[in-house]
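Enquirer: Can you keep this structure in mind? I'll have questions shortly.
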Amino acid sequence: MTGTLAALGAGLAVIGAGIGIGNIGAKAMDAIARQPEAVGDIRSNMILMAALIEGAALIAIILSIFVK
Amino acid sequence: MRRILVSLLCLVALAIALPAQSHQEGAEHSANQEETHGEGGHDCACHEDEAYDPGASAFHHISDANVFHIAGEIYLPLPCILYAPGQGLSVFLSNKFHFHEHGNGAYAVDGYVLNHGEVMRVAQAGFPMEGEVAIECFTETHTEDGKTINQVIYEGQCYNLDKKTSYDGGIMGGGVTSFYDFSVTKNVFTMLLTFVLLFFLLRAAAKGYQTNDGKAPKGIQAFIEPVFLFIRDEVAIPFLGAKYERYLPYLMSIFFFILGLNLIGQLPIFPGSGNVTGNLSVTAVLAVIAFVVVNLSGNKNYWQHIFNMPGVPGWIKIILTPVELLGIFIKPLTLMLRLFANITAGHIVIIIFVSLIFIFGKAGESIGGSALGGVMAVPLTMFMMSIELLVAFIQAFVFCILTASYIGAAVEEHHEHH
């Protein structure tokens, strides 16, 4: 039973991170389309923000792997 | 160049120091051990009916080992340095275990056995704890609370084994053990190999600036220079400003170290295949170094923003200060987990894809099924490997850029209020 709940938790974490990273990607594409000359700055900030969101999701996933 | 060397040496020292520290709960364990020590082994027999388990196979392949499995029955022996309180130090090459299939040892040495490439120690009385003895095979038993205990069979009797030593406090299922393993394991071997490779690569690049002075970069220099400049111009200077030169050696060291280990871990054949950056203890050491560097270089503004945030009403500070304090520890924690989880997840997915061959082929019974599994596994694995190649660069870059941003926040001189 706890295994099933942990799997659900991992899934929920992935949904949250997916929405977050999707938003970052969409907005970064918008920004690049508007200001193609700022592509370098936008790219590194995009990766930084995605990494921060990913961190929260990964903690949830790791916890759900090791909760038995 | 000298600075890079010093940074690398620091990394080595810490990588060696961390495992040694994480065994302080040993005393607690010896009480536990009394229970299992009570009587000797009980009657057992070897049986070979193991069904193929992709999950267990994946964990076996990503974990550290005391022997380097090259191919088939070819193994590279690695030095074992083992210490058990009361028994003393045992130093020998791991081929003393006489490897046979799956990296199991056919002999026990000083009470240590090699189970699936990992050194474990017999934890039950009655087993000869000195010299070499031939053992029959390994098995496992399950306790009432669902834990698995590995057992060795010697002269028809089962003896419980202590788990392999773990540096993670048992998070990965290792637990605290009665012995200390300071061996040069597969991961340590891969790290040393990466140090040597990086040393010669970076030295050749640095020498190029003397021999090609005033000319275009040549050879390895032309390969290293754009990467180096990218990290300097996209990571160090934007986040650290004028003070970037002070932290550049550290940032470059972690970047090239993580990138090198990621790429070597990607190789499926001999010098590669060590899953180093996908090992929690290695990423923990990298995170501890980042933690120390960030907090030692924190200035007055940094600490003020943690303990006494300016421009915020007093009652909010009661909530804000604990959150900021937690943040100090959560930042390196996420650094550690991000690298570990990304690399480990990639490796597990590749192993599961390769496992399709065995799942469809019912472990060798059905050749048609194996062929179908192979047809599916090859493109999937190639796809995953190309993604992992991307991840290897991205994770090294992300570790580097996040560390730079944490240091940048710590050394920032004046803070503009938005």
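Enquirer: Taking the beta-carbon count within 10 Å as an exposure proxy, list B:C80, B:C137, B:C158 from fewest neighbours to most.
Expert: B:C137, B:C158, B:C80
Enquirer: I've got another one for you. Got a sec? How would B:Y154, B:Y52 order by Cβ neighbour count within 10 Å, fewest to most?
Expert: Starting with the residue having the fewest Cβ neighbours, the order is B:Y52, B:Y154.
Enquirer: Another one. When all C-alpha to C-alpha distances in the stretch B:188-411 are sorted into bins of 5 Å, what percent of pairs does each bin hold, rounded to whole numbers?
Expert: Per 5 Å bin, starting at zero, the Cα-Cα P(r) for the stretch B:188-411 comes out as 1, 6, 11, 13, 14, 14, 11, 9, 7, 5, 4, 2, 1, 0, 0 percent.
Enquirer: Based on the alpha-carbon gyration tensor of the stretch A:2-66 and its eigenvalue square roots a ≥ b ≥ c, which shape applies: rounded if a/c is under 1.5, prolate if not and a/b is larger than b/c, or oblate?
Expert: Taking the square roots of the gyration eigenvalues as a ≥ b ≥ c, the stretch A:2-66 is prolate.
Enquirer: Moving on to the next point. Report, in listed order, any pair from B:K218/B:K331; A:K27/B:K331; A:K27/B:K300; B:K300/B:K331 with a Cα-Cα distance greater than 29 Å.
Expert: B:K218/B:K331; A:K27/B:K300
Enquirer: Can you compute log10 of I(q)/I(0) for the stretch B:280-412 with the Debye formula, treating each Cα as one identical point scatterer, at q = 0.13, 0.20 Å⁻¹?
Expert: Log10 I(q)/I(0), no solvent term: -0.69, -1.08.
Enquirer: Using a ≥ b ≥ c from the Cα gyration tensor of the stretch B:174-265 (square roots of the eigenvalues), is it rounded, prolate or oblate, where a/c under 1.5 gives rounded and otherwise the larger of a/b and b/c decides, a/b for prolate?
Expert: oblate
Where a number appears in this text, it was derived from the coordinates with a stated rule and is not lab data. Every value quoted in this text rests on a predicted model; they were computed, and no experiment measured them. In this analysis, Cβ positions are derived from the backbone assuming ideal geometry, glycine residues included, and neighbour counts consider all displayed protein chains.
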